[in-house]
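Engineer: Quick one: the structure is below, and I'll ask about it shortly.
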Amino acid sequence: MHVDLGVLGPVAAWDAEGEPVRLRGPMHRAVLARLVVARRRVVPVGRLVEDLWDEPPTEAVSTLRTFVAALRRALEPDRPPRAQPRLLVTEGPGYALKAVDEDVDAWRFEHVVHSAADLPPTEAVRRLTEALGRWRGPAYADVADAPWIRAERARLTDLECRAVEIRAEARLALGGAAKAVPELDTYISEHPWRENGWHLLALALYRSGRQADALSVVRRARSTLSDRMGIDPGPRLRRLETDLLRQADHLDPGPGGPAAQVWAQAAADYERAVPFSAPARLESTAGLMRDLAVTGGTGLEAARRHRVAAVAAAEQLGDPEITARVIGIYDVPAVWTRSDDPEQADWLVAAAERTLRALPPDGHDAARCRLLATIAVESRGTPPPDQAATGERARAFQAAGQAEQLARQLDSTPLLAFALNGVFMQTFQRAGLSARRDAIGAEMIAVSQRGDLVTYEILGHLIRLQSRCAVSDFAGADRHANAADRLAERHDIPLVKVFTTWYRALRSAATRPLAEAETAYRKAGAALDGAGMPGLQHGLLPLAELSLRLRHGLTPLTNAEDDWGPYETWVRPLLLVAAGDVRSARASLEGLASPPRDLMFEAMWCLTAKAATAVGDRDVMTRAARHLRPAAAELAGAQSGLLDFGPVAQFLDDMPVVSD
């Protein structure tokens, strides 16, 4: 069993799925903390007793062994009886914690801070922001202030300060002075002895056009250091005051900041150096479109448009290896199971299939993996098997499995994250598979954290949010929604807010009065305007409003102006029943196709079942019951993370055919 250990806050542990490991009490945490501080070295039993008790009890050694035994059971619950521990081991006269650096948050944090100075500014900001975001409070927050912990706490606090300062320096280098100001202002109020923090705040204010405020900060630094600590500012801070007064050129690298300058210069050099028809231009375009897509709105729409143009141009070159790279580089995470542009998706799938056939038979496994993952992701929302596309669905499912297998063989975290996205899109063969998708989301989070793949880490949290909703675990869904929001805010990925806003509307629908829930859904509907996701937006708000009315026992409203989008076929019979037109409702159920096997599969069958029950259509009830039984323990529609029609079991119970 894999365990992550946390000391950047209260001492804690989490299993491979990110669920908390139960550590019984403060002394158990103290033992674990003492062993983490030892950094894999053996701590003799006598030393542990001295460190853990001011006045050791008579049975201290046996009590310590009891604590260790309990910790071993918590950290390695699947270890067979009498098998040797692998994590908390006995060596010689004491105990040692044989964790690797990646499994202890403090050790990971230390590595990030030490390596950040050698990274490009953009990467340094990203990695440090992610690392700082994993602090949950003061280091070892729930361990008593014993002598053995003080030095380690001080060391980690200093590392945290260095991380904040290095990140601020990187942001200034990128031209983000205004964004750095509030963060640095808070930082120096908490760490007034850090002269570098005062220096960075003054510089950020100056580069934000606030020269007077910058001078005020330097003078406040002098007063604070003198009055509270009895020291004078160092030469660097004193020199900064002089430079601010004379507006020294080196304080501001130029209009638009260094980021604008670097972009303009690099773009110009690229234009001069790379021929217009070069394959490198197509690959660069595809890479830019990948980054543009996560901005949402017009950026997402433009990314889709330019992506197709880039692939078409690559195919004209007649080199399948280039085409494979141009197709495969666009590994934008996808969580919604209905395509925004089905015709474009079909074209991209066909292009990927052509390229797969044209690749040389030997080698190019990474390219094949990306092409197969593309087929799996873009084939989302294909028609169900009882229509004319059984082969198409089978091919997409096969492609997902092949992509995953190749990614694991290549031991590539980016490829595995992309492949898992394809596997997720093809886990809708039947109802009731939320547990399977939850496992995919958990692995995606773990893979993404190992490879610093922020967008896929967010995708993993959104998948787990959906899966937790399906089984009524809203506390778990809350955790994943909050984690996704934190990552999105830290890395400026606005589309994530659309999904978490809709999730919180679902939560309101479950816990708040009808009027408040309606307001929450209207707000969520507004969040979709301009988001560039028609496959998600079309018909969703009326469907959510219908879910509210049914959950509150109200008759569905039949508003002729409502656009039900792709859901109209399966909503219409129930609306006809509500309008009293039983004959038309019965006619609309005749020969009704199965809904697409996607995140709304169970919801559409439940609405169909309700209409069939109302008109006594036993054939449709039988079909609905057959499809819905595997999801009897789930909430209808909640696996979307957007809306909830109530327990599937209730729809099954309401159909007389179920008990026949």
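Just so it is clear, none of the values below were taken in a lab; they were calculated from the coordinates. Nothing here was measured: the structure is a model prediction, and the numbers come from that model. Heads up, the Cβs are rebuilt from the backbone with ideal geometry, glycines too, and the neighbour counts pull from every protein chain shown.
Engineer: According to a simple spin-label model (label point 7 Å from Cα along Cα-to-Cβ), what is the distance in nm between ARG626 and ASP291?
Structural biologist: Output for this residue pair reads 5.2 nm.
Engineer: Spin-label point model (7 Å from Cα, Cβ direction): what's the ALA515 to ASN559 distance in nm?
Structural biologist: That separation, rounded to one decimal, is 1.8 nm.
Engineer: Lys and Arg at +1, Asp and Glu at -1: add these up for the other residues within a Cβ distance under 12 Å of ALA312 and post the number.
Structural biologist: Neighbourhood net charge equals +2.
Engineer: Here is a follow-up. Treating only the Cβ atoms of Lys and Arg (+1) and Asp and Glu (-1) as charged, compute the dipole magnitude of region 35-191 about its Cα centre; round to the nearest 20 debye.
Structural biologist: 600 debye
Engineer: Then there's this: Quick check on the chain: of the DSSP beta bridges with both residues there, what percent are antiparallel, nearest 5%?
Structural biologist: Of those bridges, close to 90 percent are antiparallel.
Engineer: So, counting K/R as plus one and D/E as minus one, what does the shell of residues with Cβ under 13 Å around GLN639 add up to?
Structural biologist: Within the 13 Å Cβ shell, the charges total 0.
Engineer: Follow-up. Tell me, what is the FRET efficiency for ARG450 and VAL582 to the nearest 0.05, using R0 = 45 angstrom and their Cβ-Cβ distance as r?
Structural biologist: Efficiency at R0 = 45 Å is approximately 0.20.
Engineer: Could you please state, rounded to a whole Å, how far the C-alpha centre of region 393-429 is from the C-alpha centre of region 483-555?
Structural biologist: If you average the Cα positions of each part, the centres end up 29 Å apart.
Engineer: Now a separate question. Post the alpha-carbon centroid distance, region 149-181 to region 90-122, in whole angstrom.
Structural biologist: When both Cα centres are located, 18 Å separates them.
Engineer: Assuming R0 = 25 Å, can you tell me the calculated FRET efficiency for the pair SER472 and TRP14, based on Cβ-Cβ distance, to the nearest 0.05?
Structural biologist: Step by step, r from the Cβ atoms, then E = 0.65.
Engineer: Between SER216 and GLU568, what is the label-to-label distance in nm when each label sits 7 Å out along the Cα-to-Cβ direction?
Structural biologist: Between SER216 and GLU568, the label points sit 6.0 nm apart.
Engineer: So, counting K/R as plus one and D/E as minus one, what does the shell of residues with Cβ under 13 Å around GLN409 add up to?
Structural biologist: -1
Engineer: What percentages, rounded to whole numbers, describe P(r) for region 485-559 computed over all alpha carbon pairs with 5 Å bin width beginning at zero?
Structural biologist: Over region 485-559, the share of Cα pairs per 5 Å bin runs 3, 16, 25, 22, 17, 11, 4, 2, 1 percent.
Engineer: On average, how much area does the Cα convex hull of region 106-241 cover when viewed from any direction, in nm²?
Structural biologist: 8.9 nm²
Engineer: Which of these values of Rg and Dmax of the Cα atoms in Å was calculated from the structure shown: [x] 30.1, 100; [y] 29.1, 90; [z] 28.5, 99?
Structural biologist: [y]
Engineer: Please compute the Kirkwood hydrodynamic radius of region 275-357 from all pairs of different C-alpha atoms, in Å with one decimal.
Structural biologist: 13.0 Å
Engineer: Further question: Over the Cα atoms, compute the radius of gyration (one decimal) and Dmax (the largest Cα-Cα distance, rounded to a whole number) for region 1-153, in Å.
Structural biologist: 16.4, 57
Engineer: Further, regarding this structure: Between MET600, SER584, SER448, whose Cα lies farthest towards the positive end of the dipole of the chain when Lys and Arg beta carbons carry +1 and Asp and Glu beta carbons carry -1, centred on the Cα centre?
Structural biologist: Positive-most Cα among the choices belongs to SER448.
Engineer: Nearest 0.05, what FRET efficiency do ARG41 and TRP193 give at R0 = 25 Å with Cβ-Cβ as r?
Structural biologist: 0.20
Engineer: Across 10 Å bins from the origin, how do the percents of Cα pairs in region 177-257 run, short distances first?
Structural biologist: Taking every Cα pair in region 177-257, the percentages come to 19, 55, 24, 3.
Engineer: What number, rounded to the nearest 500 deg cm²/dmol, is the helix-based mean residue ellipticity at 222 nm of the chain, given -39500 (n - 2.57) per DSSP H run of at least four residues and division by all its residues?
Structural biologist: Rounded to the nearest 500, it is -21000 deg cm²/dmol.
Engineer: Relative contact order of the chain: what whole-number percent is it, with Cα pairs under 8 angstrom and at least 6 residues apart?
Structural biologist: 9 percent
Engineer: If you split all Cα-Cα distances of region 480-604 into 5 Å bins from zero, what percentages do you get per bin, shortest first?
Structural biologist: It works out to 2, 10, 17, 19, 21, 14, 9, 5, 2, 1, 0, 0, in whole percents.
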